[in-house]
Amino acid sequence: MTGAARQGGRYDVAVVGGGHNGLVAAALAARAGRSVVLLEAGERLGGMATLGPRSPGSDGGFDSAGAAHLVDGLSPALVQGLELHRHGLEFAVATMDDVALLPGGELLVVSGRDAETTRRSIGRFSPRDAERFPAFEARLARLADALAPFLDRVPPTLKFQDWAERLEYLRLGWAMRRLGRKDMRDLLRIIGMNAADLTEEVFETDALKGLIGFDAVLGNRFGPRSPNTVYTLLQRKSGTIAGRRGAAALPKGGPAALIAALERAARAAGVEIRTGARVAQVLVDNGRVNGLALADGSEIDCRTVLSSAHPRTTLLDLVGVRQLDADLVRSLRHARGEGGTAKVWLRLGAVPDFGLSAGDLGRSRLVFAPDLGFVERGHDAAKYGELPDRLAMEITLPGLADAHQLGSGQKPILSATLANVPYRLRNRDDGALKQALIQRTTAALADLAPGLAETIEAVEALTPKQVEAATGAPGGHWHHLETGLDQTYLLRPAPGLAQYATPIQGLWLCGAGSHPGGGLTGRPGANAARAALAATRARR
Ligand SMILES: Cc1cc2nc3c(=O)[nH]c(=O)nc-3n(C[C@H](O)[C@H](O)[C@H](O)COP(=O)(O)OP(=O)(O)OC[C@H]3O[C@@H](n4cnc5c(N)ncnc54)[C@H](O)[C@@H]3O)c2cc1C
């Protein structure tokens with residue numbers, strides 16, 4: 001390779017992918033004094049989070065909408081460390097209310113702000129459940145608290161190779177010990193359980209159990225009776241946003257504004273950001289990174305690469321199987337990651353009537369999952385490539401709390417995140433899936449909000465295959481790879497890759513496919529950057 005051929009420039013660190021994790025990793029590396037280039041294949045930053053309803057043929061008017069609409073696990077350490085508030089991050093609603101929608105118009109409210117509202121609302125269904133709910137929440141919060149510190153840490157290996165690793169195991173043991181004997185026993189008993197069994201042990205109200213069961217599975221291809229969905233529920237509850245554990249917040253300006261704040265933080269730290277820059281190959285010489293080849297034929301000269309692309313893309317495509325051990329290739333090929341989450345957006349001519357005021361609607365995360373069986377049967381259908389007649393979904397109307405998120409003509413946009421969506425519709429193509437998603441979502445919403453159907457001005461949908469096509473993540477999965485216990489922590493994304501390092505020296509994984517998984521947390525990006533920086537510091 002001649003110097004002249006490397007017209008892409010020379011950097012200490014190159015980051016593949018401009019999703020939020022790539023931006024976080026790049027910003028942290030630059031703040032540590034490295035020269036950093038970030039290479040994003042697409043024309044926009046934000047990866048899955050900002051994928052919007054702007055497909056050809058759409059009549060538009062959805063301006064600020066993205067696939068993600070809520071933030072629940074963004075690392076507080078990152079918000080502070082990257083000064084994201086100074087770079088423009090604000091929350092229009094810091095703590096959303098959860099509102100379970102029921103056929104017939106009844107509502108069950110779990111308020112993010114007022115325990116008495118929650119008690120009264122649940123009490124209308126079951127006074128016993130209203131009494132039990134605070135203790136249940138406190139119990140989950142204690143267990144989630146014990147797991148939370150490990151979200152921000154690099155998992156140890158199973159080799160117990162040095163004191164730092166032994167210390168990590170001691171930390172893990174201490175976190176369990178600190179729970180006390182009763183909670184420790186509880187955690188050990190329930191962590192592998194399914195969320196349906198857990199909620200049925202405590203509650204009798206179908207709507208409440210449906211709401212909790214839905215939260216346990218959203219983002220993954222699970223039903224509430226799938227094993228270890230208590231773990232996925234606890235993981236969701238272990239995030240802290242705007243100072244509240246387990247809450248969901250609405251970013252002002254939508255997910256695009258969070259990405260813009262990260263972009264500003266990265267640029268301020270000195271990161272050079274290039275869009276339309278697809279990485280075609282990680283160049284490897286004698287088992288270590290020797291640069292990147294871009295699709296336009298140029299090359300980047302660098303010795304450290306942090307890749308936020310899917311682990312399969314990074315290792316099997318960009319590095320190539322010939323550089324890898326056969327067992328690793330097999331584990332990566334078999335890791336589960338077919339997406340089961342889709343979006344439908346509606347631009348409405350009027351505020352819909354879900355039985356809430358416009359102000360309350362803007363502050364609410366509406367969930368349609370009326371009972372556990374509803375969500376479980378949807379999962380059964382999706383498993384066999386069928387679309388359930390009625391889809392479980394999470395709905396927001398962000399423009400009602402934040403005028404920046406109104407559609408064109410100042411119209412409210414309804415953003416629906418759909419669970420139980422098959423990655424492939426049996427015997428049908430993706431266009432048919434998209435049409436079916438639109439038809440079933442609008443039919444369900446028309447039942448739940450009288451008059452809504454007549455106010456629909458525009459509608460768009462996003463399928464898992466479209467997520468895959470737009471981001472290059474095979475499967476188009478929310479977490480890149482499912483976050484069941486067998487694909488988490490020491491085993492994520494595959495045995496031997498859990499420390500973000502790869503068999504190629506200088507190549508690190510930093511996207512949602514790594515610990516602790518997806519969602520707008522920034523944690524895989526931050527943990528990977530820390531690990532890579534520590535390794536290069538040691539070698540310098
Ligand atoms: C339908 C849906 C709804 C969701 N809703 C929410 C929500 O409300 N809240 C929430 O917290 N999370 C949500 N998520 C999950 C969240 O969006 C993702 O977990 C998160 O965006 C993953 O971020 P990432 O940076 O790790 O990866 P990605 O967002 O996948 O970014 C990876 C980037 O790498 C780029 N790339 C890939 N290959 C190359 C290459 N060869 N060269 C250069 N660039 C490359 C891609 O173009 C992409 O921009 C949702 C996900 C989906 C699918």
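The values are calculated or read from the model by the stated rules, or taken from the named source; none is laboratory data. Just so you know, these numbers come straight off a predicted model, no measurement behind them. Cβ: placed from backbone, ideal geometry, glycine included. Neighbour counts: every protein chain shown.
Couple of notes before you dig in:
- Any hit, the stretch 493-510, residues being buried (at least 24 other Cβ atoms within 10 Å of the Cβ) and near the ligand (Cβ under 9 Å from one of its atoms): yes
- Filter result (among the charged types (D, E, K, R), within 16 Å of the ligand (Cβ to nearest atom) and farther than 15 Å from Leu391 by Cα) within the stretch 426-470: Asp430, Glu460, Lys465, Glu468
- Single match in Asp296, Asp285 (criterion: more than 25 Å from Gly46 (Cβ to Cβ) and not polar (S, T, N, Q)): Asp285
- Failed condition for Ala5, given (1) modelled with pLDDT of 95 or more; (2) more than 16 Å from Thr304 (Cα to Cα); (3) away from the ligand (no atom under 15 Å from the Cβ); (4) aliphatic (A, V, I, L, M): (1)
Results for (1) over 14 Å from the mean Cα position of the chain (by Cα); (2) surrounded by fewer than 20 Cβ atoms within 10 Å (Cβ to Cβ), shown as yes or no for each residue.
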position: Ala444; (1), (2): yes, no
position: Ala453; (1), (2): yes, yes
position: Thr521; (1), (2): no, no
position: Pro524; (1), (2): no, no
position: Ala534; (1), (2): yes, yes
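- Against the list (1) within 16 Å of the ligand (Cβ to nearest atom); (2) without any contact (Cβ under 8 Å) to a residue 12 or more places away in the chain, the condition Pro127 fails is (1).
- Flag for Leu258 being within 28 Å of Arg113 (Cα to Cα), modelled with pLDDT of 95 or more and touching a Leu at 6+ places or on another chain (Cβ under 9 Å): yes
- Top-ranked residue of the stretch 12-42 - restricted to ones that are β-branched (Val, Ile, Thr) and buried (at least 24 other Cβ atoms within 10 Å of the Cβ), ranked as nearest to the ligand (Cβ to nearest atom): Val16
- Per-region count, the stretch 402-418, residues buried (at least 22 other Cβ atoms within 10 Å of the Cβ) and either touching a Ser or Thr at 6+ places or on another chain (Cβ under 6 Å) or over 17 Å from Leu445 (Cα atoms) (or both): 4
- Residues of the stretch 54-71 classified as modelled with pLDDT under 85, in contact with a Ser or Thr (Cβ under 9 Å, 6 or more places away or on another chain) and closer than 15 Å to Ala416 by Cα, total: 2
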